[in-house]
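Here the structure comes first, spelled out in structure tokens, and everything after it is commentary.
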Amino acid sequence: MKKITVIYPGSFDPPTNGHLDLIERGSKIFDQLVVAILRNPEKAPLFGLPERLLMLEAMTEEFKNVRVDTFDGLTVDYAVKINAHAVLRGIRAISDYEYELQMALMNRKLQPALETVFMMPAEKYSYLSSRLVREVAQLGGSVEDLVPPMVEQRLREKLDPAVKLGHARESKTRKR
Ligand code: PNS
């Protein structure tokens with residue numbers, strides 16, 4: 001029987017619980033799900049590509065049919081390269097629809113055989129975005145419950161290097 005591979009492309013800067021929710025839902029209905037992080041030279045991300053890869057790999061470790069990869073160029077070209085059958089995207093609210101529809105139709109124009117599948121994350125994540133997580137964290141607000149604890153920790157370290165320094169000191173004293 002044909003095995004369906006789907007790619008879930010995005011920036012994931014940083015990955016959130018909304019992304020994780022969608023990955024979990026997708027992993028239940030597709031045979032293979034590839035989380036594909038876009039390497040975008042035009043954007044200056046908060047988290048470098050290796051960091052995002054690491055976080056997503058740790059977040060999805062328990063899903064045996066999920067792997068994480070990076071790509072550049074067109075999503076459709078990457079999808080063809082890995083023999084994916086469809087692109088998975090999340091729709092949180094009606095406001096997402098217009099942009100997602102445009103992208104889906106452009107991708108179809110570029111690669112007619114490639115389908116786009118939309119899934120809805122849990123309602124509790126309907127207002128959640130990486131951009132808002134970055135903004136709230138940068139302004140000192142709590143992002144608990146919005147991102148996995150490991151991402152929260154990395155955000156703290158990124159935005160307040162003293163936190164990382166504190167950890168390094170702590171582990172040094174413990175080693176002594
Ligand atoms: O997480 P994001 O930023 O909403 O993801 C957007 C993404 C990466 C899916 C989109 O920008 C994309 O596919 N970029 C790759 C370049 C491309 O294929 N552009 C044409 C899209 S119609």
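The values are calculated or read from the model by the stated rules, or taken from the named source; none is laboratory data. Keep in mind the model is a prediction, meaning the values are calculated, not measured. Glycine gets a Cβ as well: all are built from the backbone with ideal geometry, and neighbour counts include every protein chain shown. The area values use the complete protein model at the heavy-atom level, side chains included, leaving out ligands, DNA and RNA. Shrake-Rupley method; radii C 1.70, N 1.55, O 1.52, S 1.80 Å.
Normalised by the number of residues in the stretch 1-73, the mean separation of alpha-carbon contacts (under 8 Å, six or more apart) gives a relative contact order of 38 percent. Work out, in µm²/s and without decimals, the Stokes-Einstein translational diffusion coefficient of the stretch 14-70 at 10 °C, 1.306 mPa s, Rh from Kirkwood over C-alpha pairs. Roughly 134 µm²/s, to the nearest whole number.
Ligands, DNA and RNA are left out, and with a 1.4 angstrom probe the accessible area of the chain is 61 Å² per residue. With 10 Å bins beginning at zero, the pair-distance distribution over Cα atoms of the chain amounts to 9, 34, 36, 14, 5, 1, 0 %. Dividing the summed helix terms, -39500 (n - 2.57) for each DSSP H run of n ≥ 4, by the number of residues in the chain produces a 222 nm estimate of -14500 deg cm²/dmol to the nearest 500. Here E61 sits with roughly 130 square angstrom of accessible surface, probe radius 1.4 Å. In this simple spin-label model, placing a label point 7 Å from the Cα along the Cα-to-Cβ direction at both E42 and E144 gives a separation of 3.9 nm. The charge dipole of the stretch 7-138, taken about its Cα centre with unit charges on the Cβ atoms of Lys, Arg (+1), Asp and Glu (-1) only, comes to about 140 debye. Our compactness index for the stretch 1-104, the C-alpha radius of gyration over the empirical 2.2 N^0.38 Å, is 1.04.
Extending 7 Å from Cα along the Cβ direction at D69 and again at S126 yields two label points whose distance is 3.4 nm.
Measuring nothing but protein heavy atoms, the accessible surface of the chain at 1.4 Å probe radius is 54 percent carbon and sulfur.
Among Y125, Y99, Y78, the largest mean-square fluctuation in a Gaussian network model of the chain, built with springs joining Cα atoms closer than 10 Å, belongs to Y99. Pairs of lysines in the chain whose Cα atoms sit within less than 25 Å of one another amount to 19, provided the residues are eight or more positions apart or on different chains.
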